[in-house]
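All remarks here apply to the structure that follows.
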Amino acid sequence: MTWRRTIGRVEFVNCEPLFYNIDPSWKVLPAPPAWLTGHLLRKDCILAPIPAADYARHHKELVLVPDIAISSKGEVGSVLLLGTMKLSEMKSIALPTDSATSVALLKFLLKTHKLSPKLVEMGPDLKMMLSECDGCLLIGDRALEAAHSHPELEMLDLGSQWRELSGLPMVFGVFATRRDSNIEDVKEAHRELLLRLNIFENDPIIRQKVLELSAKKSNQSLDRMDKYFGEVINRMDNEDLQGLTAFLRMGCGLATEAEFAW
């Protein structure tokens, strides 16, 4: 029953404030966002951040927990469409296999702007993607690295694009659990993550350590990480919930409200 003491986490640094110095009684299962959905459904972990689009797909099997997410109020910095030309000129776009929400969001943006480039799914590798397509979608640390290493490319931040269209924050990842999970186990995992987030937000020493670790992991500067943790946000407030509801409806076709475990 070790899965009841296991919490999934996105392997990118966007989850670091929630997991830094996590109590060692918890096992952490790192994986790409889209993989975590499968881990959760298979009972490999009690709680995990999964793509919001995957929650829409599996909402009959999963419920959400409050307070925590992977979101942005505008520019997110790590969900980027990159290419040698503007979006309106792209004839083909490579989509990554490790994400669901960013792909759903890009498809929504294309539909909104009445664009219909060819969409090709492939592994999240900038060089390979752009060798076959006019543009490519990257998320997480790979997007941060691509933006840093290739400033000559055209870049479109999908978080800011959603904000311009909807006037709301974009919730890329939601923390979910199975409907049949023991609620006390879920609440204990939730309390641990919320504790780590509170410490990150209120202890300058811990925040600095998280920045240093994240900079090392992502090969970014401390200044970039300091800015990044103002772009990507792990606390979900009422405005974020409105943004999530709007995206689930408009971007994923979910007619019902998101359901929370408590």
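Looking at Leu29, Leu64, can you tell me which residue is at negative phi, at pLDDT 95 or above, in contact with a Gly (Cβ under 6 Å, 6 or more places away or on another chain) and part of a strand (DSSP E or B)?
Leu29
Anything in segment 107-134 that is under 22 Å from the mean Cα position of the chain (by Cα), surrounded by 13 or more Cβ atoms within 10 Å (Cβ to Cβ) and charged (D, E, K, R)? List them, or say none.
Once the filter is applied, which keeps residues that are under 22 Å from the mean Cα position of the chain (by Cα), surrounded by 13 or more Cβ atoms within 10 Å (Cβ to Cβ) and charged (D, E, K, R), segment 107-134 yields Lys107, Asp125.
Among Met155, Met128, Met225, which is assigned to a helix (DSSP H, G or I), touching a helix residue (DSSP H, G or I) at 6+ places or on another chain (Cβ under 7 Å) and at pLDDT 95 or above? Explain how you work it out, then say what you get.
Values: Met155 fails: assigned to a helix (DSSP H, G or I); Met128 fails: touching a helix residue (DSSP H, G or I) at 6+ places or on another chain (Cβ under 7 Å).
Of Met155, Met128, Met225, the one residue that is assigned to a helix (DSSP H, G or I), touching a helix residue (DSSP H, G or I) at 6+ places or on another chain (Cβ under 7 Å) and at pLDDT 95 or above is Met225.
So how many residues does segment 218-262 have that are among the polar types (S, T, N, Q) and touching an Asp or Glu at 6+ places or on another chain (Cβ under 8 Å)?
Filtering segment 218-262 down to residues among the polar types (S, T, N, Q) leaves 218-221, 234, 238, 242, 245, 256.
From what is left, the residues that are touching an Asp or Glu at 6+ places or on another chain (Cβ under 8 Å) are 218-220, 245.
Count: 4.
Condition check ((1) more than 19 Å from Ala100 (Cβ to Cβ); (2) in a helix (DSSP H, G or I); (3) without any contact (Cβ under 8 Å) to a residue 24 or more places away in the chain) across all residues:
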| position | (1), (2), (3) |
| --- | --- |
| Leu168 | yes, no, no |
| Val171 | no, no, no |
| Asp180 | yes, no, yes |
| Asp185 | yes, yes, no |
| Glu192 | yes, yes, no |
| Leu195 | yes, yes, yes |
| Asn198 | yes, yes, yes |
| Leu248 | no, yes, no |
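Given the residues Ala34, Ala104, which is the only one that is at pLDDT below 95, surrounded by fewer than 24 Cβ atoms within 10 Å (Cβ to Cβ) and not in a loop (DSSP other than H, G, I, E, B)?
Result of the check over Ala34, Ala104: Ala34.
Here's a check for you: in segment 200-232, which residue that is within 19 Å of the chain's Cα centre (by Cα) and hydroxyl-bearing (Ser, Thr, Tyr) is surrounded by the most Cβ atoms within 10 Å (Cβ to Cβ)?
Ser214
If you check Leu138, Leu144, Leu87, which single one turns out to be outside the structural domain of Phe19 (by TED's automatic domain parsing), over 20 Å from Gly253 (Cβ atoms), in contact with a His (Cβ under 8 Å, 6 or more places away or on another chain) and buried (at least 19 other Cβ atoms within 10 Å of the Cβ)?
Leu87
The values are calculated or read from the model by the stated rules, or taken from the named source; none is laboratory data. Keep in mind that this is a model prediction, so the values were computed, not measured. Cβ coordinates were reconstructed from backbone atoms using ideal geometry, including for glycine residues, and neighbour counts include every protein chain displayed.
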